[in-house]
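The values are calculated or read from the model by the stated rules, or taken from the named source; none is laboratory data. On a predicted model such as this, the values are computed, not experimentally measured, just so you know. We place every Cβ from the backbone using ideal geometry, glycine too, and count neighbours over all the protein chains shown. Side chains are part of the model used for accessible areas, which takes the heavy atoms of the whole protein and leaves out ligands, DNA and RNA. Shrake-Rupley method; radii C 1.70, N 1.55, O 1.52, S 1.80 Å.
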Amino acid sequence: MSKKLFIETLGCAMNERDSEHMIAELSQKENYTLTDSAEDADLILINTCSVRERPVHKLFSELGAFNKKKKEGAKIGVCGCTASHLGKEIIKRAPYVSFVLGARNVSKITEVLHKPKAVETDINYDESQFAFNDFRSSPYKAYINISIGCDKQCTFCIVPKTRGEEISIPADLIIKEVQKAVDAGAKEVFLLGQNVNNYGRRFSGKHEKINFTELLRRVSRIEGLRRIRFTSPHPFHMDDEFLEEFASNPKICKSMHMPLQSGSSKVLKEMKRGYTKEWFLNRVQKLKEICPEATISTDIIVAFPGESDEDFEETLDVMRKVEFDQVFSFKYSPRPLTEAEKFTNVVDPEVAKERLIRLQDLHQQIVDKKVEQLRGKTFEVYFEELAADNYVRGRTDNNIIVKVKGSEELLGEFKKVTITDVARTVMTGEILEEKDR
Ligand code: SAH
Ligand code: F3S
């Protein structure tokens, strides 16, 4: 009889892919099947995120809750970035945890399973060429890792300490993975890395050195593949060649993530982001000129140590100038093992709270204005999932979420859809009849 696996995934798309890899290894080598009930599971895995502080506190209360409800003899494993940085501390604080598996050690999942109290958190471990078994949570789109780790040293960010130095996966392996996903029915791929447009910087063996732009060209030649998305690119590496390929390659989806972090050049310097406000605005302007249909999303941190009112105004200024379509905004959260943790010029928490609210209010106004312009427009939508009340949901090429009335037969299909009603996150539409197209 097969054993049951419950897995909870927190954090970014790279964690989603790591979870898929662990599910694949456990189902094919250890005969596990997935369950969505922790009570029924023989193995409970939490794939953690450590980018901000709150999830770390949450982890221990959650572990306690899992320990109470798990069935007799079931194991609990802690994986991901918090596993990397807390290591054996986790077993000290929660002795019922069976093993700790760091973000860069995913391929050892079947090994640690049989090693009581194993702690595998080597951040120099190289799995860039490990042949994982297959598992994909969606048949319609496929996550494909193109690099692991990150070589940037942004002073606020713990990721280089949990995922280690950057290693690119050889292009021929990436192409094979994409081909396999396309053969299995995926029409969209999502290329993943912490800093994707730095692709090609370092390989673990002798491999043909190509850059991200060239990788995009090669991936786009795969027949049957309709859409390419990627995350996360870095504004510093957005050179003209890259932006021009983005604009002109019809398979590359026209939504760009441009993580700003701050609009103040002074703060950007303190963050060691490697670009200025002017460079960022220059890249946005170039993108808008050559690809006006592109939507732009961003990440912003407010109240980084030393951020003055004037610095914060610079961030609002960039918000008004760029009019981002989507903003992921956070209050600065000091993280262990980072440079900024030692910065003493902290911003008053009340001020931080107020800045976050002001930023989010401004963004709501921008979004309310922008979505109005979508009404009545027609887009090609790729349908990916069923939604409540007999709706099916999908995305436009430029990443606008649209739902229409319908059922399973729309999944995996491209349809022309006219937007009939708008909202902040999900638009409602109607499929254009064949004869009207
Ligand atoms: N290279 C990845 C970065 C992962 S962290 C990417 O660009 O997606 C994702 C986001 O979390 C960052 O862009 C940043 O905005 C936010 N973040 C990272 N560290 C943080 C911290 N210490 N406090 C608040 N937000 C942080
Ligand atoms: Fe973190 Fe900066 Fe890398 S945000 S993941 S160190 S690009």
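For Lys377, the aspartates and glutamates whose Cα comes closer than 12 Å to its Cα, not counting residues fewer than 8 places off in the same chain, are Asp421, Glu430. Put simply, the amide H of Asn133, placed in the peptide plane, has neighbours under 5 Å in Glu25, leaving out anything fewer than 5 places away on its chain. Of the residues Thr48, Ser19, Ser84, the one whose Cα sits farthest toward the positive end of the charge dipole of segment 3-120, with +1 on the Cβ of Lys and Arg and -1 on the Cβ of Asp and Glu, is Ser84. At 20 °C and 1.002 mPa s, what whole-number value in µm²/s does Stokes-Einstein give for the translational diffusion of segment 3-120, with Rh from the Kirkwood sum over Cα pairs? Result for D is 155 µm²/s.
Taking one quarter of the surface of the C-alpha convex hull of segment 378-436 gives a mean projected area of 3.8 nm². For segment 309-416, the relative contact order works out to 20 percent when only alpha carbon pairs closer than 8 Å and six or more residues apart are counted.
When you filter the GluC sites (Glu not before Pro) in segment 1-61 for DSSP loop state and at most 15 other Cβ atoms inside 10 Å of their Cβ, you are left with Glu53. Calculated accessible area for segment 13-78 comes out at 44 Å² per residue, all protein chains present (probe 1.4 Å; ligands, DNA, RNA ignored).
Beta bridges assigned by DSSP with both partners in the chain are antiparallel in approximately 35 percent of cases. Between the C-alpha center of segment 269-292 and that of segment 149-223 there is a gap of 23 Å.
Straightening the chain between Glu339 and Ala387 buys 13.0 nm, computed as 0.36 nm per residue apart minus the Cα-Cα spacing.
Counting heavy atoms of the protein chains alone, Leu260 has an accessible area of about 0 Å² for a 1.4 Å probe. Of the Cα atoms belonging to the chain, the radius of gyration and Dmax stand at 22.2, 66 Å. Pairs over the 32 Å Cα-Cα cut-off, from the set Lys108/Lys206; Lys71/Lys353; Lys141/Lys342; Lys266/Lys288; Lys209/Lys269: Lys71/Lys353; Lys141/Lys342.
Placing R0 at 22 angstrom, the Cβ-Cβ distance between Arg218 and Ser138 gives a FRET efficiency of 0.40 after rounding to 0.05.
For segment 3-120, relative contact order (Cα pairs under 8 Å, six or more residues apart, normalised by length) works out to 25 percent. Reducing segment 362-376 and segment 57-88 to their Cα centroids gives an inter-centroid distance of 41 Å.
Only sites in a loop by DSSP and with at most 15 other Cβ atoms within 10 Å count here; which trypsin sites (Lys or Arg not before Pro) in segment 372-406 make the cut?
Arg375, Lys377
The residues of segment 93-149 present an accessible area of 42 Å² per residue when probed at 1.4 Å with all protein chains retained. Helices in the chain, meaning DSSP H runs of at least 4 residues, each add -39500 (n - 2.57). Divided by all residues, the mean residue ellipticity at 222 nm is -10000 deg cm²/dmol.
Mean separation of Cα pairs under 8 Å and 6+ residues apart, divided by the residue count of the chain: what relative contact order is that in percent? Walk me through the intermediate numbers first.
Numbers: 878 pairs, mean separation 42.2, N = 437.
This gives 10 percent for the chain.
Using a 1.4 Å probe on the protein heavy atoms, what percent of the accessible area of segment 378-436 belongs to carbon and sulfur? With neighbouring chains kept in place, the figure for segment 378-436 is 42 percent.
Loop-located GluC sites (Glu not before Pro) in segment 277-319 (DSSP state other than H, G, I, E, B) with a sparse environment of at most 15 neighbouring Cβ atoms within 10 Å: Glu293. Pairs with C-alpha atoms separated by more than 19 Å, drawn from the list Lys321/Lys369; Lys176/Lys415; Lys331/Lys369; Lys286/Lys416; Lys3/Lys70, are Lys176/Lys415; Lys331/Lys369; Lys286/Lys416.
Leaving out ligands, DNA and RNA, what percent of the accessible area of segment 141-372 is carbon and sulfur, probe 1.4 Å?
Ligands and nucleic acids excluded, carbon and sulfur reach 51 percent.
Thr121 contributes an accessible area of around 40 Å² to the protein surface, as traced by a 1.4 Å probe with all chains present.
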